[in-house]
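Input: a single structure, listed below in structure tokens.
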There are 2 protein chains.
Amino acid sequence: MTTHLPTSNPTLYGYWRSSAAYRVRIALNMKGLEYENYFVHLSRDGGEQGKSPYVDLNPQMLVPTYVEEELVLSQSLAIIEYLDERYPHPPLLPQDPARRARARQAAFAIACDIHPLNNLRVLNYLAGELGVGDGGKRSWYHHWILQNFPALERWAQVDAGSGPYFLGDAVTLADICLAPQMYNARRFDVPLDDFPRLVEIDAALNELTAFRNALPDNQPDAQ
Amino acid sequence: MTTHLPTSNPTLYGYWRSSAAYRVRIALNMKGLEYENYFVHLSRDGGEQGKSPYVDLNPQMLVPTYVEEELVLSQSLAIIEYLDERYPHPPLLPQDPARRARARQAAFAIACDIHPLNNLRVLNYLAGELGVGDGGKRSWYHHWILQNFPALERWAQVDAGSGPYFLGDAVTLADICLAPQMYNARRFDVPLDDFPRLVEIDAALNELTAFRNALPDNQPDAQ
């Protein structure tokens, strides 16, 4: 990373393999918004996310950060809710309050109860401070997915009905969180046989250009 | 827990010491909503949250769950966003999209990056599967708070301005997440000297009846 950050905006500061950045890429693509990409390498030289100048944008030292005019915003779900309010079409939440709530319920189950436990800095703490080996880290990773996927599978069966996506016929925040989580589950060989509806929804999502173009492997900084 | 769940509603299924239930209690109090309390004991007999009939309401086996008419909803932030849409007064998010986003940014930093790492089932996994002792669990607990509080302190300094709360003059979702997190930090003796603005905001919040009545120690199931 240079010492100069881009001055044009909107800009997304991300990393190809960050699930949180992946979510925001999907949302930006769904909205058809143009933005500049800036890549923050999370492991090279101990990680660029903890160094100046990026740390001034994001004192949590995490990706993503989204910058638009004077607004500097982190936390993927805060960014996506912002995009949905500022650029309402197509909506990323249903109209009905109860359905909106069910979409958020699924999104937060992933974004609060699975992803933060399995992200890079936690795995590094397990290995470094607690001396957990590769097998132990793998069990940890699987555990938090398998602890929460049964609930997601059950909610999807109820909420999706016969529609292709988590809340039925339209893509919502739930789907935007699901696809990156399914990508991670596959990357770490988590068995998915017990979650047929999630597998089906994920397959439907990955047929959409907005989702395909957001895939980690399709990013310019993919390694 | 009996095998019968309450049939009147709205009902909040919670536990006095659950931070997530604590957040929802604050929101319900802020809105002045009447509801029935149902207590799910998280440790007695291995935890009632994993047993029938509660597990049918909440397949994630977590508290809280909020039931209102046909809607069965879990995930504290999904519940609070729902309450805010369904019962708009007083609002729990600012009007301006950028300010709303900053409120959610702080809320999610707590609800995604601190709280899920420090909750009971994770501490149980550390002790059980990984053999981490009390000292190691304490270090873990402190680590995730101290990793993220500097960002919250900095955001609070910018966003609160001279107002008493996280986003200035009105209580928002950020405050609803902050107060329970400060309670937890104190409970585990995390040093707070470096976070004067957070301490100040928390003190202002705890002067409000809605927050005081939601304190864990003031709940009927407190031990």
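The values are calculated or read from the model by the stated rules, or taken from the named source; none is laboratory data. Everything numeric in this text was worked out from a predicted model, so none of it was measured. Heads up, the Cβs are rebuilt from the backbone with ideal geometry, glycines too, and the neighbour counts pull from every protein chain shown.
Out of the stretch B:122-132, which residues are assigned to a helix (DSSP H, G or I) and within 10 Å of chain A (Cβ to nearest Cβ)?
Hits for the stretch B:122-132 are B:VAL122, B:TYR125, B:LEU126.
Collect the residues in the stretch B:100-138 that are in contact (Cβ under 8 Å) with a residue 24 or more places away in the chain and of a type in the set (A, V, I, L, M), keeping them in residue-number order.
Matches in the stretch B:100-138: B:ALA103, B:ALA106, B:ALA107, B:ALA109, B:ILE110, B:ALA111, B:ILE114, B:LEU117, B:LEU120.
Given the criteria at pLDDT 95 or above, touching a Pro at 6+ places or on another chain (Cβ under 9 Å) and more than 14 Å from chain A (Cβ to nearest Cβ), does B:GLU200 qualify?
yes
When you look at A:GLY32, is it at pLDDT 95 or above, more than 27 Å from A:LEU117 (Cβ to Cβ), small (Gly, Ala, Ser) and out of contact with any Gly (no Cβ under 8 Å at 6 or more places or on another chain), yes or no?
Yes; evaluated as a whole, the condition is true for this residue.
Kindly check whether there is at least one residue in the stretch A:150-166 that is touching a residue at least 24 places away in the same chain (Cβ under 8 Å), of a type in the set (Phe, Trp, Tyr) and either under 24 Å from B:VAL63 (Cβ atoms) or touching a strand residue (DSSP E or B) at 6+ places or on another chain (Cβ under 7 Å) (or both).
yes
Go through the stretch A:55-110 residue by residue and tally those that are assigned to a helix (DSSP H, G or I) and of a type in the set (Val, Ile, Thr).
4
State all residues of the stretch B:45-101 that are closer than 25 Å to A:LEU146 by Cβ and of a type in the set (D, E, K, R); if no residue qualifies, say none.
B:ASP45, B:GLU48, B:LYS51, B:ASP56
Does A:ILE79 satisfy being modelled with pLDDT of 95 or more, closer than 24 Å to A:TYR38 by Cα and among the β-branched types (Val, Ile, Thr)?
yes
Just checking, does the stretch A:50-59 include any residue being closer than 21 Å to A:ARG186 by Cα, aliphatic (A, V, I, L, M) and in contact with a Leu (Cβ under 9 Å, 6 or more places away or on another chain)?
No, the stretch A:50-59 contains no residue that is closer than 21 Å to A:ARG186 by Cα, aliphatic (A, V, I, L, M) and in contact with a Leu (Cβ under 9 Å, 6 or more places away or on another chain).
Please count how many residues of the stretch B:66-80 are touching a residue at least 60 places away in the same chain (Cβ under 8 Å) and within 7 Å of chain A (Cβ to nearest Cβ).
The qualifying residues number 1.
Applying the selection to the stretch B:32-54, what residues are within 16 Å of A:ARG154 (Cβ to Cβ) and either among the aromatic types (Phe, Trp, Tyr) or assigned to a loop (DSSP other than H, G, I, E, B) (or both)?
Within the stretch B:32-54, B:SER52, B:PRO53, B:TYR54 meet the criteria.
What do you reckon, is A:PRO220 assigned to a helix (DSSP H, G or I), closer than 19 Å to A:TYR22 by Cα and of a type outside the set (A, V, I, L, M, F, W, C)?
Spelling it out, it is not the case that A:PRO220 is assigned to a helix (DSSP H, G or I), closer than 19 Å to A:TYR22 by Cα and of a type outside the set (A, V, I, L, M, F, W, C).
Any chance the stretch A:99-107 includes a residue that's out of contact with any Asp or Glu (no Cβ under 6 Å at 6 or more places or on another chain), over 18 Å from B:ARG104 (Cα atoms) and at pLDDT 95 or above?
Taking every residue of the stretch A:99-107 in turn, at least one turns out to be out of contact with any Asp or Glu (no Cβ under 6 Å at 6 or more places or on another chain), over 18 Å from B:ARG104 (Cα atoms) and at pLDDT 95 or above.
In the stretch B:111-121, what residues are more than 7 Å from every other protein chain (Cβ to nearest Cβ) and part of a helix (DSSP H, G or I)?
Of everything in the stretch B:111-121, those that are more than 7 Å from every other protein chain (Cβ to nearest Cβ) and part of a helix (DSSP H, G or I) turn out to be B:HIS115, B:ASN118, B:LEU120, B:ARG121.
Scan the stretch A:49-65 for residues that are of a type in the set (D, E, K, R) and more than 10 Å from every other protein chain (Cβ to nearest Cβ) and jot them down.
Listed by number, the list holds a single entry, A:LYS51.
Given the conditions (1) among the acidic types (Asp, Glu); (2) surrounded by 15 or more Cβ atoms within 10 Å (Cβ to Cβ); (3) away from every other protein chain (no Cβ under 14 Å), which single one is not true for A:ASP159?
Failed condition: (3).
Test A:ALA21 against the stated conditions and say whether it is of a type in the set (Gly, Ala, Ser), touching a Pro at 6+ places or on another chain (Cβ under 6 Å), crowded, with 16+ Cβ neighbours inside 10 Å and not in a strand (DSSP E or B).
yes
Any residue at all in the stretch A:85-95 that's closer than 28 Å to A:TRP155 by Cβ, in contact (Cβ under 8 Å) with a residue 60 or more places away in the chain and surrounded by 23 or more Cβ atoms within 10 Å (Cβ to Cβ)?
yes
Yes/no matrix, rows are residues, columns are (1) buried (at least 18 other Cβ atoms within 10 Å of the Cβ); (2) of a type in the set (A, V, I, L, M); (3) within 16 Å of the chain's Cα centre (by Cα):
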position: B:TYR165; (1), (2), (3): yes, no, no
position: B:THR172; (1), (2), (3): yes, no, yes
position: B:MET182; (1), (2), (3): yes, yes, yes
position: B:PRO196; (1), (2), (3): no, no, no
position: B:GLU200; (1), (2), (3): no, no, no
position: B:ARG212; (1), (2), (3): no, no, yes
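Of the conditions (1) of a type in the set (A, V, I, L, M, F, W, C); (2) within 10 Å of chain A (Cβ to nearest Cβ); (3) buried (at least 19 other Cβ atoms within 10 Å of the Cβ), B:LEU42 fails just one. Which one is it?
Going through (1) of a type in the set (A, V, I, L, M, F, W, C); (2) within 10 Å of chain A (Cβ to nearest Cβ); (3) buried (at least 19 other Cβ atoms within 10 Å of the Cβ) one by one, B:LEU42 breaks only (2).
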